[in-house]
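To start, the structure under review is shown below, and the notes come after it.
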2 protein chains.
Amino acid sequence: MNTLRELQPHEGPSVTRDERREFLERVGDQIHREPRHDTEWVRVTTLGCCREVGRASFILSTPETRVLVDCGDKPGAEGEVPYLQIPEANPIADLDAVVLTHAHLDHSALLPLLFKYGYDGPVYTTQATRDLMGLLQLDYLDVAAKEGRTPPYESAMVRKELKHTITVDYGNVTDIAPDIKLTFHNAGHILGSAVAHFHVGEGFHNVVFSGDVHYTDTRLFNGASNDFPRVETLIMESTYGRRNDYQTDQEDSERKLIRLINDTYEQDGIVVIPAFAVGRSQELMLVLEEAMREGTLPTMPIYLDGMIREATAIHTAYPEFLRDGLRQRILHGDENPFLAEQFQQVDGGQEMREDIAGGEPCIILSTSGMVTGGPIMSWLELLGGDPKNTLVFVGYQAQGTLGRRIQSGRREIPFSDRGSRSEQLTLRFDVESVSGFSGHADRNGLENFVGTMNPRPEEILCVHGDESSTDQLSSGLYQKFDVRTYAPKNMETFRLD
Amino acid sequence: MNTLRELQPHEGPSVTRDERREFLERVGDQIHREPRHDTEWVRVTTLGCCREVGRASFILSTPETRVLVDCGDKPGAEGEVPYLQIPEANPIADLDAVVLTHAHLDHSALLPLLFKYGYDGPVYTTQATRDLMGLLQLDYLDVAAKEGRTPPYESAMVRKELKHTITVDYGNVTDIAPDIKLTFHNAGHILGSAVAHFHVGEGFHNVVFSGDVHYTDTRLFNGASNDFPRVETLIMESTYGRRNDYQTDQEDSERKLIRLINDTYEQDGIVVIPAFAVGRSQELMLVLEEAMREGTLPTMPIYLDGMIREATAIHTAYPEFLRDGLRQRILHGDENPFLAEQFQQVDGGQEMREDIAGGEPCIILSTSGMVTGGPIMSWLELLGGDPKNTLVFVGYQAQGTLGRRIQSGRREIPFSDRGSRSEQLTLRFDVESVSGFSGHADRNGLENFVGTMNPRPEEILCVHGDESSTDQLSSGLYQKFDVRTYAPKNMETFRLD
């Protein structure tokens, strides 16, 4: 088990203060070097995440500077990694900076790989994202090892990445190159998630990467910021970008979830919810804790499997990233909802899972959120055969993931029996989806993010969505707001100025 | 004076047969190497010539191969060269092949520079283009030297380029890389000009670069070919792409030109016509020779200044590139119109020019065609002050050139007095434009080139035109033919598959 201590090496004993000072001095010299080129152009290259969900990765470049934004994996398609080999990304070692918008693996998983390729510069992100990304990356290596896959890098690269991380608070304007200033703004998506604003040259161009955004407030977070000094180009997520991608509102969603749990409870069954360790899990914990406290749900154990407990601890460690009311509850008194006693960690391995599956009604939150590996696979095996139980999807299921296939009606799933022979597993439990808990803005939220954005961008690249989502959002935003819009492909380079 | 002999070094004494065989063997080994990558994608990068006329240059790339298509200068803007420094073009030395669509300097001028940057591979073009490009490049160096500019390469690089040239006939399918086959087709623009068709992978993708095209037949050439086995993407010139860019037809244009010459003749004046050495000059020679033979023009001297005579000789050397009737006249009997006795070379320098300017009515064809340097500058000085004389523009005048400024009404022009002090020259002669002699298809011709293209491409990138031209052609083709169209900027990279 990785501990938080391990994950903050530059505050622990493994990095000396001298090493850190030397690194920061070197970075400072690079940033404040005499620029060799005029800022005559700005380009963005798409290394992934175009007409697909996954492997988010972009290069922002000027004649002077190259910055990489995000470097994620693609859930359900391990082989499909960002196109780091194309000329615009090379040499990796010469990148000026790496910027991470948030910790989810489809944005962060392959970031340590850059250090394996010789990168030795800074990674800019928020404090909370720094801790979460280390946690999730180490878990990513664990899951790969358990499934017999060779991960693309070793844990030493995660440590190296963390040593090279420089944290930046929301709203702080930070020089990251002679001609680029970075400012993070709250994205409302998960703890520490950021909209990244880049000011290029002396007023030459401004480009905003939305990262993943949630436009309205949730139980955990304030809605995304969309107020900037200037912005000409917006690189916009499109997860729920299709014309009919409207989510039910959170109150209705909560009622539906509680009804599903009560129904399952009454028939003596177990509810299992695949969830990202970071984000949906904590949102659901708040919903379930309140429902049990207020009596709309009977009190029963809520088991957390995977890295959820560690991730939750990081939420508690950074209350300043949370919504006002929640922050107060955590800071003052003993009202921290994450510490309610019904939350129990699955820390006894497969034996404990078998006991839980054979026991009383309960709720299980388990990673991975898109059913692409991790303990959720055991839960499918243990609970999937019994019609009394219920599987509830609460988050986005990307194309190509087992989660998406089950959500779309598939009930016969291949099941690898501990690595040796393959079996078919027939799912007989009830499969439900509740849409209102997503960490992503729905179509309405995406339109509002753009429509109320101050100032309105002149050009929008719609990325991070299935082809139909990026296409429909692109044409929708064009028609509604009369801005130039595109739905790029992977491996394209756009001139922004 | 450079001779044709000098320009064909691999047939002359300076390249041994061994050297040539060694080069061809090396190229052959490269082409037939075991491919290291699957053809998973095709990209095109714009190094110039987007939303502008000039510095044509593109990179066609696959996981295995990078091919550079054209490498020109920008008339009237010496500093604006193709963006060879961007990552997609580098390292230049590792390019697999260079392809040249035609010899005009806005496509060929900077090609020798590649050899200075370490390129050592083949240049594919037609036979006629090989000879014309050498001629024009050496002239480009001469003009630069005379004007006190430092050219970006030396004549040794032109010789190196010519040694590395492999000529390809129209219609011959040629392997130029493990995954790319090239086929040239007649483009109808100038002698040897080609539409370049690239077949990528085994039926993976087909992309056509139009180069500069003339869709209908002219006196010199058959109209452009637009019949291909397959084509998904078309990179299309847009010089006359605006909605109202219709040229008068050639018969009307000829009548207008003859009237202008007769009027000037009757008032005892001289007609001066700025013309590219290659293309418009020969077209006009045919018109003027016929008019004098048929008596619609009085017989008078037609002076050729600049590289026109050499270029005309190359036309005579390659009759197979000319239109049927003209080819017969050159091949059989003594009817070669280019040898008519009224054509006289200005080979006596400035003194001869002064004699001509002070003498009897005559016609002068002089380079450069866009009044950006060369002997036309002397003719402006000698003839511009006298209202009896007439300047006639017959070709496209690019933005930023002195030709465009005079065409747009400017009459006070700066004049450098042999490199020392600057003077103003006031133009008092009549300035006329006759549009129908252009080597470029007009808007109608461009639409017809696409509309009758077999098969119809799925996607068209509109390049090689002012911003209004590429924009209007792009939206026009989209509306008329329901294909995806774009008007790229420079330094963009598009995924084609």
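Computed from the C-beta positions of A:HIS37 and B:ASP217 and an R0 of 51 Å, the FRET efficiency is 0.60 to the nearest 0.05. Other protein chain C-beta atoms within 10 Å of residue C-beta, averaged over B:487-497: 5. Projected over every direction and averaged, the convex hull enclosing the alpha-carbon atoms of segment A:334-457 yields 11.6 nm².
A prolate overall shape is assigned to chain A, the ratio a/c of its alpha-carbon gyration tensor axes (a ≥ b ≥ c) being 1.5 or greater and a/b exceeding b/c. Which of the three applies to segment B:284-329, rounded, prolate or oblate, going by the alpha-carbon gyration tensor with a ≥ b ≥ c and a/c under 1.5 meaning rounded? It comes out oblate by the Cα gyration axes.
Take every DSSP beta bridge whose two residues both sit in the protein assembly as shown; close to 45 percent of them are antiparallel.
Shape analysis of segment B:431-497 places it in the oblate category; the axes a ≥ b ≥ c from the Cα gyration tensor give an a/c of at least 1.5, with a/b not above b/c.
Helix-only arithmetic for the protein assembly as shown: the sum of -39500 (n - 2.57) across DSSP H runs with n ≥ 4, divided by the residue total, places the mean residue ellipticity at 222 nm at -9500 deg cm²/dmol. Each of A:LEU100, A:CYS462, A:ILE364 was scored by the projection of its Cα onto the charge dipole of chain A, and the greatest displacement toward the positive side belongs to A:CYS462; charges sit on the C-beta of Lys, Arg, Asp and Glu.
The charge dipole of segment A:347-398, taken about its Cα centre with unit charges on the Cβ atoms of Lys, Arg (+1), Asp and Glu (-1) only, comes to about 260 debye. Listed by chain and number, the lysines whose C-alpha is less than 19 Å from the C-alpha of B:LYS388, apart from same-chain residues fewer than 8 away, are B:LYS256.
Translational diffusion of the protein assembly as shown, estimated by Stokes-Einstein from the Kirkwood radius over alpha carbon pairs at 10 °C in a medium of 1.306 mPa s, is 50 µm² per second. Between B:GLN328 and B:ASP268, the FRET efficiency estimated from the beta carbon spacing at R0 = 56 angstrom works out to 0.90. To the nearest ten degrees, helix B:250-266 and the longest principal axis of the Cα atoms of chain B are 30 degrees apart. Computed over segment B:85-176, relative contact order equals 34 percent, with contacts defined as Cα pairs under 8 Å that lie 6+ residues apart. Net charge dipole, the protein assembly as shown: roughly 0 debye, given to the nearest 20, about the Cα centre with Cβ charges of +1 for Lys and Arg and -1 for Asp and Glu.
Relative to one another, the C-alpha centroids of segment A:55-95 and segment A:294-313 are positioned 37 Å apart. Projecting the Cα atoms of B:VAL213, B:THR299, B:PRO229 onto the charge dipole of segment B:206-361 (Cβ charges, centred on the Cα centre) puts B:PRO229 farthest toward the positive pole.
Its relative contact order, with pairs defined as Cα atoms under 8 Å and 6+ residues apart, puts segment A:383-497 at 23 percent. For the Cα atoms of chain A, what angle does the longest principal axis make with the long axis of helix A:467-481, in degrees from 0 to 90, nearest 10? For A:467-481 against chain A, the angle is about 60 degrees. Phi angles across segment A:406-414 convert, under the Karplus curve 6.51 cos²θ - 1.76 cosθ + 1.60 with θ = phi - 60°, into 3J(HN,Hα) values of 5, 4, 7, x, 5, 10, 9, 10, x Hz, Gly and Pro given as x. For B:GLY295, the label point sits 7 Å beyond Cα toward Cβ; its separations from the matching points on the remaining copies run 11.9 nm, from shortest to longest. Checking every one of the GluC sites (Glu not before Pro) in segment B:172-237 against DSSP loop status and a limit of 15 other Cβ atoms within 10 Å picks out B:GLU202.
If R0 equals 60 Å, the separation of the Cβ atoms of B:ASN444 and A:SER408 corresponds to a calculated FRET efficiency of about 0.75.
The antiparallel fraction among DSSP beta bridges confined to segment B:184-326 stands at about 75%. Only Cα pairs under 8 Å and 6+ residues apart enter the sum, and on that basis the relative contact order of chain A stands at 19 percent. Sorted on the mean count of surrounding Cβ atoms within 10 Å across their residues, most packed first, peptides A:188-199, A:94-105, B:397-408 read A:188-199, A:94-105, B:397-408. A Cβ-based charge dipole, computed about the Cα centre of segment A:294-439 with Lys and Arg at +1 and Asp and Glu at -1, lands at about 640 debye.
Laboratory data are not the source of any read-out in this text; all were calculated from the coordinates shown. Here the structure is a predicted model, which is why all the values come from computation and not from measurement. With ideal geometry, Cβ positions are generated from the backbone for all residues, glycine too; neighbour counts draw on all protein chains shown.
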